[in-house]
1. Which members of region 220-271 meet the condition of being modelled with pLDDT under 95 and outside any loop (DSSP other than H, G, I, E, B)?
2. Could you say which residue among Ala230, Ala225 is surrounded by 17 or more Cβ atoms within 10 Å (Cβ to Cβ) and either under 19 Å from the mean Cα position of the chain (by Cα) or over 30 Å from Asp119 (Cα atoms) (or both)?
3. If a residue counts only when it is in contact with a helix residue (DSSP H, G or I) (Cβ under 9 Å, 6 or more places away or on another chain) and modelled with pLDDT of 95 or more, which helices (runs of 4 or more DSSP H) contained entirely in region 46-150 have at least 2 such residues?
4. Out of all the residues in region 68-102, which are of a type in the set (Ser, Thr, Tyr) and surrounded by fewer than 18 Cβ atoms within 10 Å (Cβ to Cβ)?
5. Identify, from the list Asp123, Asp134, Asp150, Asp119, the residue that is under 30 Å from Ser306 (Cβ atoms) and out of contact with any strand residue (DSSP E or B) (no Cβ under 8 Å at 6 or more places or on another chain).
6. Do we find a residue being touching a helix residue (DSSP H, G or I) at 6+ places or on another chain (Cβ under 6 Å), basic (Lys, Arg) and assigned by TED's automatic domain parsing to the domain that holds Gln237 anywhere in region 175-187?
7. Run Val201 past the list (1) assigned to a helix (DSSP H, G or I); (2) over 19 Å from Arg220 (Cβ atoms) and report the number of the one that doesn't hold.
8. Checking the condition within 25 Å of Ser125 (Cα to Cα), surrounded by 14 or more Cβ atoms within 10 Å (Cβ to Cβ), assigned by TED's automatic domain parsing to the domain that holds Ala84 and touching a His at 6+ places or on another chain (Cβ under 9 Å), which residue from Ser265, Ser306 passes?
Amino acid sequence: MKDFKKVLNMKKMYIGLLTACCLLPMSLQAKSSYPEQAIRLIVPFTPGGGNDVFARTVAQPMGKLLGQSVIVENRPGASGAIGAAAVGRSMPADGYTILLSEVSIHSVNGHLRSNLTYDAEKDLSPVAKAGTYDYMLVVNPKKINAQTLDELVEIIKKSTAKKTYGVPGIGTPHHLGMELFAMKAGLEMTPVAYRGASPAVQDLLSGEIDLMLSDRAAVRSHIKAGTLKAIAVAGSQRVKEFPGIPTIAESGIKDFAMESWFGLSVRSGTPDAIIDKLAQTYAEVIKDPEIIARLSEAGINVTFASPRSSRLSLKMKPNVGGL
């Protein structure tokens, strides 16, 4: 009887091992078959800004390589927190929802907001660090007749009413950069928060606000049309598209250099095989010179950092000198 039970137990063990061996290839096959449906790319800001331009530029070629559509969906609000919370807390960890991340989502929001509904470190896993933006200080020439940064500073200081500047959310790089500029130049201005760069630009064009620090993608066409005046570039170097526009540092605000990164993230718990596939797909897309040229023209400097290095970079604070 004991021998019979022993044989029976051994038989059950063998059956269990055999079942596991049979299921393992099926599991691997399931991961390798990703994606089997359309993928959503969540942009946590309104259409028209650099985030949106980047997403819509890379979505189609990524979808082509993956064999499924990549659909861009805007979920603006709270400096990117609404979109980040949707991906990090509400969406399944299956790789079918990607977040267009940026520095305020992963760093600044946590310092400025006490009521965040997501935890960047716990809820989001990086797919890739994707690039940086060019920023430009622009004014409405009908409201502020300044040709240089010195003239702009003088006009603001002499104004009887506080000048207003637009930001696509409190704590965004645009906001931090303007606060740094105001501090270094000894200015007092009032920030006006919007749900994205595009509505802020529209109010700048209509004269509702006086100036703003904008990503180049949102204002380049207006600068060329003459409806907005670019006073200075916020980065450490001039931009090729507008070589005659000096940097803020060149214009007299010493040690001023602003740059912010952006990337792709998914909900934590997404299988590594899927994260790697998305990362490799993005890396393949930006090998295309035409894609790089289109993004560069919009003020977007593309790059690629793997998920491992992205996990380090997404914890970094924005590179805004002095803050």
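1. Arg220, Ser221, Met258, Glu259, Trp261, Phe262, Gly263
2. Numbers: Ala225 fails: surrounded by 17 or more Cβ atoms within 10 Å (Cβ to Cβ).
Exactly one residue qualifies, and that residue is Ala230.
3. On the way: elements: 50-66, 81-85, 109-112, 120-123.
So the answer is 50-66.
4. Applying the first criterion (of a type in the set (Ser, Thr, Tyr)) to region 68-102 yields 69, 79, 90, 96-97, 101.
If the condition is that a residue be of a type in the set (Ser, Thr, Tyr) and surrounded by fewer than 18 Cβ atoms within 10 Å (Cβ to Cβ), then Ser69, Ser90 are the ones that fit.
5. Values: Asp123 fails: out of contact with any strand residue (DSSP E or B) (no Cβ under 8 Å at 6 or more places or on another chain); Asp134 fails: out of contact with any strand residue (DSSP E or B) (no Cβ under 8 Å at 6 or more places or on another chain); Asp150 fails: under 30 Å from Ser306 (Cβ atoms).
Criteria check complete, one pass: Asp119.
6. Here is the first cut: in region 175-187, the ones touching a helix residue (DSSP H, G or I) at 6+ places or on another chain (Cβ under 6 Å) are 185, 187.
With the extra rule that they be basic (Lys, Arg), the set shrinks to none.
For region 175-187, residues touching a helix residue (DSSP H, G or I) at 6+ places or on another chain (Cβ under 6 Å), basic (Lys, Arg) and assigned by TED's automatic domain parsing to the domain that holds Gln237: absent.
7. That leaves (2) as the condition not met.
8. Numbers: Ser306 fails: touching a His at 6+ places or on another chain (Cβ under 9 Å).
Being within 25 Å of Ser125 (Cα to Cα), surrounded by 14 or more Cβ atoms within 10 Å (Cβ to Cβ), assigned by TED's automatic domain parsing to the domain that holds Ala84 and touching a His at 6+ places or on another chain (Cβ under 9 Å) holds for just one of Ser265, Ser306, which is Ser265.
The values are calculated or read from the model by the stated rules, or taken from the named source; none is laboratory data. Please read all numbers here as calculations on a predicted model, not as lab measurements. In this analysis, Cβ positions are derived from the backbone assuming ideal geometry, glycine residues included, and neighbour counts consider all displayed protein chains.
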